[in-house]
1. Taking Cα atoms, how many degrees apart are the long axis of helix A:106-119 and the longest axis of chain A, rounded to 10 and kept between 0 and 90?
2. Give me the Kirkwood hydrodynamic radius of region B:173-222 in Å, from all C-alpha pairs, to one decimal place?
3. For chain B, calculate the relative contact order in percent as a whole number, restricting contacts to Cα pairs under 8 Å that are 6 or more residues apart.
4. Which whole-percent values make up P(r) of region A:163-275 when all C-alpha to C-alpha distances are grouped in 5 Å steps starting at zero?
5. Could you estimate the translational diffusion coefficient of region C:178-236 from the Stokes-Einstein equation, with Rh from the Kirkwood formula over C-alpha pairs, at 20 °C and 1.002 mPa s, in whole µm²/s?
6. With angles folded into 0 to 90 degrees, how steeply does helix A:165-182 sit against the dominant principal axis of chain A? Use alpha carbons for both and round to 10.
7. Just the number, please: percent antiparallel of the DSSP beta bridges in the protein assembly as shown, rounded to the nearest 5.
8. For region B:220-277 and region A:206-237, what is the separation of their C-alpha centers, rounded to whole Å?
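Only the coordinates and a few stated rules stand behind these numbers; no lab work does. Predicted model, so just to flag it, every value in this text is computed and none were measured. Using ideal geometry, Cβ is built from the backbone for each residue, glycine included, and neighbour counts are taken over all protein chains shown.
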Amino acid sequence: MGISVEGASKRFGDFQALDDVSIEVPDGSLTALLGPSGSGKSTLLRAIAGLETLDGGTVLIDGEDVSKKPTQKREVGFVFQHYAAFKHMTVFENVGFGLKIRKWKKPQISDRVHELLRLVQLDGLADRYPSQLSGGQRQRMALARALAVEPQVLLLDEPFGALDAKVRKDLRTWLRRLHEEMHVTTIFVTHDQEEAMDVAGQLVVMNEGRVEQSGTANELYEEPANEFVMSFVGEVNRLGDDFVRPHDMDVVLDADERTQEGMVQRIVALGFEIRVEFVLADGTEVWAQLTRAELQRLELREGQIAYLRPVQAKSFNGSTPSDTSGASTPLGSQDGGDAEVSAAV
Amino acid sequence: MSAPSAAGRVGSGRGSRWALRVLGLGFLALLLVAPLVMIFFKTFEDGLMPPLEAITSENGLNALKLSLLMVAIAVPVNTVFGVVCAILLVRHKWKGNAFIDAVINLPFALSPVVIGLALYLLYSTNGGWFGPTLAEAGIEVLFSVPGMVLASIFVSLPFVVRETVPVLQEIGTEQEQAASTLGANVWQTFWRVTLPAIRWGVAYGVVLTTARVLGEFGAVTIVSGTISGQTETLPLFVGKQFEAFNETGAYGASVVLALLALTTLLAMNLLKRKEDA
Amino acid sequence: MEANPAALPPSAASPRAGMRLPGVGVGIGRGYVVMYLSLMVLIPLAALVDESLTSGLGNFWDQVSSPQAVRSLELTMICSLIVVAINAFFGTIIAWLLVRDEFPGKAAVNAIIDLPFALPTIVASLTLLALYGNESPFGIDIAFTRTAVVVALLFVTLPFVVRAVQPLLIEMDREMEEAAASLGAGGFTVFRRIIFPNLIPGLAAGVALAFARALGEFGSVLIFAGGLPDTQVSSVFIRSQVESGNETGAAAVSMVLLLASLLCLGAISLIQGWGSRHERSTGGALVMPMAGEMPADTEGEESDDERA
C-alpha cells in the first residue's frame, strides 16, 4: 500500500503549515518525516490519516484518492506521542477496541489480542489499566492496538518523544525489527535525526512546510541538497561558503597552502570520539572530530595553535567550492566526487 | 494541543449537531431564560410606578437595608474565615483537615429549613442551649438581627474557602519561599505575596458569598419570624407581599433582586476571566 | 497529581515552606477555625439532633412515620430522583454544547447557567408561577402540582450538573477520540465508548450534589407548588411543623434530611477518592459554581524503569 501525497497545503490562521508538499512512500517501506518543530511533519502525517483536512492537494493510499474519506474509513493505524490510551479500559480492551467495533466474536478477539500482546511483549498485563503501565509499555500497547485491525498503513507521530533516552533506543530497534517482520507501510515523524537514520529506509526532510529533500540516510548525508539538509542531518562547520563535516576536518601541526590557522579552545572527550573546538583567525568557530589515537599523536592542548585542512567540502551557491586562504586546493566537488585523501593519517 | 481535529467530532453531522442544539438550548430557554424575562415583564405590566412605589415603601426600603446589612456583616466575617481556613488546609498538614473539609461542605448539602431550625432550637429562649443565657444578658437572637446574621453566615460559609483553596494550591510555595529568603516575615509575605496572588479567587468567593446571602430565604424565614420592618430581608419581603396578595410589591422587589443577580453573574464572569489570565 | 481542588489537598510540595504561620500561629489558627465551625455549624446541628431525640426514640419514630411526614419524604425523594435524571441528560448536552460547539451568544449562555445560583429561590418560585401558572402566557398551568415541584427543582439543580461535566469535557484528551477514529469508530461510538465513560465520575459527583440540593430545596418550591398535601416537600413540611409548635417532629424529619445529605456528601467523597486512585478526573462538583476552566490535569510523564 504505497502512499502518495501531491501538492498538499494547509494553513492554520496566519501560519502556513504545509506548502505544496508532495511525497512518495513506497509500499512496505519504513519512512521517516524528519524536521524541526513547526516544519509541518506532524501536520502532514495527520493529513494522511485524515485527522487534518487539507486546504489543497490530494492524498492517495494504494492509488486511491482518500482525500474526502473520513479517518474512520481510511484504515490507517495511528500511534500518538502521548499514547492516547483509553484510560477507562484495560490493556486487553484497548487492544481489542478496533475489533470490538468491527463486531468480531469474543473468542476471535481474544485470540488476536493475545497474539498481539505476545508480539509486543505485554502478555500477562492484559488486565492492567494504562495508568498501571510505564511509558514504554503504554506505547507498545498503543502499537498493538493500532496493528490489531491490520491497517494498510501505520503512522507514528513522534512515538518515542515522551520516553527516556534508553527506552527510546530500545524501542527504536524494536520498531525496526517489527517492521521487518510485518512489512506494513510505515511512516513515522521525528525531530531526532539519529533516530531517523537508525530506523528508516527513506527519510523526508521537511522545513517550514516544505520538503527539502528525500532519500536514504546515506544519500542525505553524503549529498545534501542544501545547507539546511546538510546541517540538519549530521554535524557541519561553516567556512565562508563552504560546509565541512567535522570528521572531514583534518588537523595537522604544520601549515601548508591548504590549511587555515586555528587555536584550540576546548577539547571534549565524548567516549570514543574527541571533539576539538577551534577558533580561527577571523573569529569563526569550528570543531573537528578526532579519534583518541589521533589526539594522542597530535598532543593537542588548549590554547595551542594548529592547522585545519578540510578533506571534503560542500557549497550550495552554484559555484565550485572556493579557495581557502592560500592556494587552490583540489577539494571534493558538489556531487561528492572523490576527494583527495590527506596524507596525514 | 493542536487545533480541534476533523475526526472524532460527535455531532459533526449537520443533523445531530442541530438536534443537540435544539434540545440543549431549548431546555435552557424554557427553564432559565423564560423565567428571567418573565420577572421583568410581570413587574412592569402596569407601568413603572406601581413597583417603584412598592419598593420605596417603608417596608420595602427597610427590607433592602436589612438585606444589605446581612451582606455587610456576613461577607467580611466569612471572608476572613475563608482565607485563614484555606491557608491552614493547603499549607499545613493535619489529621483534622479532612474533618474540617467535610464540615465546610455541609452548608452545600443541607436544606435551608433544616439550618434555620437548628439555629432556632439552639437560640430558643425556652429550652435552647444558648437562648436563655443570652436572653438574660439582654441579647435577642431569634426574631432579631443577630439570628438572621448567624443564618446568613451558616449558609454562605463555604464559598470563600472553596474558591481560595485551588488558587492557593496552584500558585505553590515558591514565591513565598523567595520572599522569605529576601527577609520578609510571615505577615509581610502574606500581604505582599500571597494575598495578591490569590485575590481573584478570593474575590470570586466573595461575589458568590454575597449572592448567597442576598438570596437566602428558607433559613432566615424560620429564624426571623419575618416581622415587617424589623426582621424582613428583601427575599422575605417578596414572600410576604405575595402571601398578602400584593403582587406588585412582590414583583417590584423581585426585579431588584433579579438585577442584583444579573450583576452577580456579570461579576462572576469578569472575575473568572481575571482568574484565568 | 490529581487536580481535584475540592478533595482534601495534601500539603503542598514542601511542607516546611511557603505561606506558613509560625507554630503558635498555626495553633491559634486551628483553634479559631474549629471554634468558628463549631459555633456556626456544629453546635446548631447538635441542638437539632438533641431536639429530635428529646422525647425518646419511640417518639422520633412516630414523628418520622406519620402519614404526612412519610408522604412528604416520598414525594421529595421521588421528585429529586426524577429531577437529577432529567438534568443529568440535559446538563450533559448543555455542557457539550458549551465546550464543543460554536454559536453566537455562547458566552451569554455560559453565564446564564449560573442564574439559579445567583437568583433568590423565592424569586424563582414567583416567576415560575407567572410563567407556568394560571396566568401563563403559554397556556400551561402546572402550578400546585407535583410537576411544579419537578420543574422548580430542575431550575435550581441544573447548574450543578453542567458545571460538573464542563471541566471534564474541557480537559478531555482529544487524542483518545482521534485514536478511536483511526480504529474505525464513528461519531456516536466514540461518544458512547470513549467520551461518556470518562465523564461518569464527574457526572456522578455532580448528580450526588444536585440530589442533596433537591432534597432540601425550599424557596423555589414554596410558592410554585404550594404546600398542599399532595405537593408538600419535606422542607415545607418541616416549616409547617415549626409553625404549629411541633418542634420535635420538625427536628425528627430534619434528621432524615440531614442523614440523606451526609450520605450524598459521603458518596461524592468516595467518587473523588476513586478518581484519584485511578488517575481519573472528577471535575467540577464541590468546586461549583464556576464558569469555565479548571487547572489542567497534567499527565505526569513517568520515567520508564523497565526494560523494553
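1. The answer is roughly 20 degrees.
2. Numbers: mean 1/r = 0.0763 Å⁻¹.
Radius from the Kirkwood sum: 13.1 Å.
3. On the way: 302 pairs, mean separation 78.5, N = 277.
Computed value for chain B: 28 percent relative contact order.
4. The distribution over region A:163-275 is 2, 9, 16, 17, 16, 15, 11, 7, 4, 2, 1, 0, given as percents.
5. Details: Rh = 14.6 Å.
Stokes-Einstein gives a translational diffusion coefficient of 146 µm²/s.
6. Roughly 60 degrees between the two axes.
7. Numbers: 47 of 65 bridges.
Taking every DSSP beta bridge within the protein assembly as shown, about 70 percent pair in antiparallel fashion.
8. Between the Cα centres of region B:220-277 and region A:206-237 lies a distance of 71 Å.
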